[in-house]
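See structure below.
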Amino acid sequence: MSPLISAEDKLRERIKELTCLYNVSSYIANSDLDNLEPTWQAIVYSLQEAIRYPEEASVELRIEDKLISAGDYPEDKVIILSAIKVFNKPIGSIQVGYSKLKYNENSFLNEEIQLLNNIALEIGNLFERKQIIESEALAKRQIERADRLGILGEITAGIAHELNTPLANILGYTELLKDQFKDNPSVLNDLDKIIHSAIFSREVVKKLMFFSCDMPQQMELRNMVPIIKDAIGLLNPNFKKKELHCHLDISKDKIMLRVDAIQLTQVIFNLVINAIYFSPKQGKITVMVKDTESQVILKISDVGPGIQKKDFDHVFNPFFTTKPVGEGSGLGLSVVHGIVKSHKGSIKFEPNQPKGTIFTITLPKN
């Protein structure tokens, strides 16, 4: 039952409530979605002024991991409270309270309870709008990135085909020159350098072809477990060099999947070699393989410095690398991305805790 109140006081309180609701709507309409704390503070103080006894009221807004408050905070108080929901999921609450020494549950007006519910609804709507805008921006970035990768795939396929023939000629004619100058060690040394450079270039071309999915696939139903173990086994010297521990967690001894074994090896090799490069000495790398009814999930995690936020959109782009010049071509992760996509799978990354990165590959069984 609401407290007795004169018609004049009721009108005065109603004006305060409508003014508060107007102000809250204005704060929300003009809020900065990247920094909402000033909006929360303005709402809290506006609500406190709209309550019948503002000088004795406390207001608390709890939203996600934040608490914004105003007024006195008696330990024993009577409150009215409204939940803040985003797409019907609670994310916080807003409450008004008085000291129980002076007030009780009937000290609040019905209109104040309605005001609190309306403000909670406005805040929830703001969060829904924020999430929609962020989702649209993310979808737009993903589409733009897919378009860029598609164009790059076509370009790199063309480049790879154009380079293959001249590189083969360079290697062939250099071998012929070695026969002609076999008695001249100085010339032979220079020719070996040419051959080494040509072979390196051919490997880059091969990676370009992997990225563009222009390498012929040999898809066969294979047990993934030995393929993964063999790929990691090839890197044992690298683990020992940095005194790294590799923990292999595979849910079954036999995980059947239709894959190109060589390309799967390339995926494991590139991701683990990256993890080794960025891992601190005596660090730990975990390779987890999980078999479900519809898909196989592969996770490779390290405890390195992690990926900086500014690089998130470029990680799978060809020729992008954070390694020093001469230590990486920037094709490893783009090759992995191309192979996973050609297997109708997906790849994503996320921060590891307390530090590092986790790459997750999901491969469908169908």
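The values are calculated or read from the model by the stated rules, or taken from the named source; none is laboratory data. The structure presented is a predicted model; accordingly, all values stated were derived computationally and were not measured. Here Cβ is always computed from backbone atoms with ideal geometry, including for glycine, and neighbour counts include all displayed protein chains. Calculation scope for accessible area: heavy atoms of the full protein, side chains included, ligands and nucleic acids excluded. Shrake-Rupley method; radii C 1.70, N 1.55, O 1.52, S 1.80 Å.
Please list the helices of the chain that count as membrane-span-like by this rule: a mean Kyte-Doolittle hydropathy of at least -0.5 together with Cα atoms stretching 15 Å or more along the helix axis, each helix being a complete DSSP H run. The qualifying helices are 7-29, 37-50, 110-180, 185-211, 261-278, 332-342.
What percent antiparallel are the DSSP beta bridges of the chain, to the nearest 5? If you can, show how the numbers build up before the last one.
On the way: 46 of 52 bridges.
So the antiparallel bridges in the chain amount to around 90 percent.
Amide H to amide H, with H built 1.01 Å from N, THR321 comes under 5 Å of no residue 5 or more places away or on another chain. Remark: the Cα gyration tensor places the stretch 227-321 in the oblate category, a/c being 1.5 or greater and a/b not exceeding b/c. Shape verdict for the stretch 15-146, please, from the Cα gyration tensor: rounded (a/c under 1.5), prolate (a/b greater than b/c) or oblate. Cα axes put the stretch 15-146 in the prolate bin. With every protein chain in place and a 1.4 angstrom probe, the accessible-area ranking of LEU248, LEU176, LEU116, largest first, reads LEU176, LEU248, LEU116. The listed peptides 21-31, 222-232, 271-281, ordered by packing as a protection proxy, come out as 271-281, 222-232, 21-31 (highest mean of other Cβ atoms within 10 Å first).
If only the Cβ of Lys and Arg carry +1 and only the Cβ of Asp and Glu carry -1, the dipole of the chain around its Cα centre is close to 1300 debye.
Pull out a ≥ b ≥ c, the square roots of the eigenvalues of the alpha-carbon gyration tensor of the stretch 33-77, then state rounded if a/c is under 1.5, prolate if not and a/b is larger than b/c, and oblate in the remaining case.
Details: a/c = 3.50, a/b = 1.59, b/c = 2.20.
Since a/c reaches 1.5 but b/c is at least a/b, the shape of the stretch 33-77 is classed as oblate.
DSSP beta bridges in the stretch 225-366, what fraction antiparallel, as a percent rounded to 5? Show your work: numbers first, answer last.
Values: 19 of 25 bridges.
Just about 75 percent of them are antiparallel.
With Cα atoms defining each centre, the stretch 270-291 and the stretch 12-73 are spaced 49 Å apart in the structure.
Entry note, the chain: the mean residue ellipticity at 222 nm calculated from DSSP H runs of n ≥ 4, each adding -39500 (n - 2.57), is -17000 deg cm²/dmol after division by the residues and rounding to the nearest 500.
Shown for the chain is the translational diffusion coefficient from the Stokes-Einstein equation, using the Kirkwood radius over Cα pairs, a temperature of 25 °C and a viscosity of 0.890 mPa s: 94 µm²/s.
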